[in-house]
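The block underneath contains the structure these notes are about, expressed in structure tokens.
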Amino acid sequence: MKQRKVRPRQAADSLRDEHDFSRGVRGKHSARYASGTNVVVLEPDVASAFPTTREVNDALRALAQIIRSRTSSRKSTDTSA
């Protein structure tokens, strides 16, 4: 006897009538969104040290400033030697 293939049950249509995506354009804003964003996933220990976006950005800006100042001071000592 042949076994019937069992298809997984389809979920009931949960989309409401007022949600009409029939004229939607897939990826319409994706290029603009991607060009203006840079998503970085923090490890849990780092995320706990910097709970807000502002704190992460402030810390990174301070670090970037230190790196720039150290790099520029090295260049000036290299050229004077």
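We did not get these values from a lab; they are worked out from the coordinates using the rules stated. The shown structure was predicted, so the numbers you read here are calculated from the model rather than taken from an experiment. FYI the Cβ positions are ideal-geometry reconstructions off the backbone, even for glycines, and counts take in every protein chain you see.
Using the Cβ-Cβ distance between residue 34 and residue 67 with R0 set to 30 Å, the FRET efficiency from 1/(1 + (r/R0)^6) comes to roughly 0.65. When only the Cβ of Lys, Arg, Asp and Glu is charged (+1, +1, -1, -1), the dipole of the stretch 29-75 relative to its Cα centre reaches about 460 debye. Look at 32, 4 and count the other Cβ atoms within 10 Å of each Cβ; fewest to most, that gives 4, 32.
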